[in-house]
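This report concerns only the one structure given below.
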């Protein structure tokens, strides 16, 4: 009679080992998706005569992770969030490691600015544009002021 119990134990142990491996695999896959070293698609935008090298956030997961995956970015870098249809999405600073400016865009024009959002907040305060947008660019805090960016400026996406 000890044989069936032994077989049952082996099945349970194998099942638990399989579950542990599955959790490990999915955890590492999610971690890689958030990593700045992963394969973020890249592009360039020109704002007020300045070229920004941008990481592209097209999918819901990429938009959720955003720049929170990064320790910081260079002054000529940013992240371009692309939405399928114009909307008024909310952005938060959860898990951000550095302060940013949010540049709200509709078509090829800056339609709103939210400047100097603080880093390090686990608070779920959301920031919204005043009008519908179809793109957002996040840059280092102060970039908008330093480059005299204002509502109405045009953007070129390369």
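The values are calculated or read from the model by the stated rules, or taken from the named source; none is laboratory data. Computed from a prediction, not measured in an experiment: that's the story for all the values here. With ideal geometry, Cβ positions are generated from the backbone for all residues, glycine too; neighbour counts draw on all protein chains shown.
Does at least one position in region 114-126 carry a residue that is surrounded by fewer than 18 Cβ atoms within 10 Å (Cβ to Cβ), assigned by TED's automatic domain parsing to the domain that holds residue 72, touching a helix residue (DSSP H, G or I) at 6+ places or on another chain (Cβ under 6 Å) and assigned to a strand (DSSP E or B)? There is at least one residue in region 114-126 that is surrounded by fewer than 18 Cβ atoms within 10 Å (Cβ to Cβ), assigned by TED's automatic domain parsing to the domain that holds residue 72, touching a helix residue (DSSP H, G or I) at 6+ places or on another chain (Cβ under 6 Å) and assigned to a strand (DSSP E or B). Of the residues examined, residue 65 is one that is in the same structural domain as residue 141 (by TED's automatic domain parsing) and at pLDDT below 95. If you go through region 92-113 and pick out every residue that is touching a residue at least 40 places away in the same chain (Cβ under 8 Å) and touching a helix residue (DSSP H, G or I) at 6+ places or on another chain (Cβ under 6 Å), you end up with 1.
Exactly one residue among 107, 43, 120 is out of contact with any strand residue (DSSP E or B) (no Cβ under 9 Å at 6 or more places or on another chain) and either farther than 17 Å from residue 147 by Cα or modelled with pLDDT of 95 or more (or both), and that residue is 120.
Residue 89 meets all of the listed conditions (1) in contact with a helix residue (DSSP H, G or I) (Cβ under 9 Å, 6 or more places away or on another chain); (2) over 22 Å from residue 145 (Cβ atoms); (3) free of Cβ contacts under 8 Å to residues at least 40 places away in the same chain but one, namely (3). In the set (1) in contact with a helix residue (DSSP H, G or I) (Cβ under 9 Å, 6 or more places away or on another chain); (2) modelled with pLDDT of 95 or more, the condition left unmet by residue 36 is number (2). Inspection of region 70-81 finds no residue satisfying the criterion of being over 23 Å from residue 41 (Cβ atoms), in a strand (DSSP E or B) and under 17 Å from the mean Cα position of the chain (by Cα).
Considering only region 85-113, state which residues are on the phi > 0 side of the Ramachandran plot and loosely packed, with under 15 Cβ neighbours inside 10 Å. Hit for region 85-113 is 107, nothing else. Among residues of region 127-153 being touching a residue at least 60 places away in the same chain (Cβ under 8 Å) and more than 15 Å from the chain's Cα centre (by Cα), the one that is surrounded by the most Cβ atoms within 10 Å (Cβ to Cβ) is 143.
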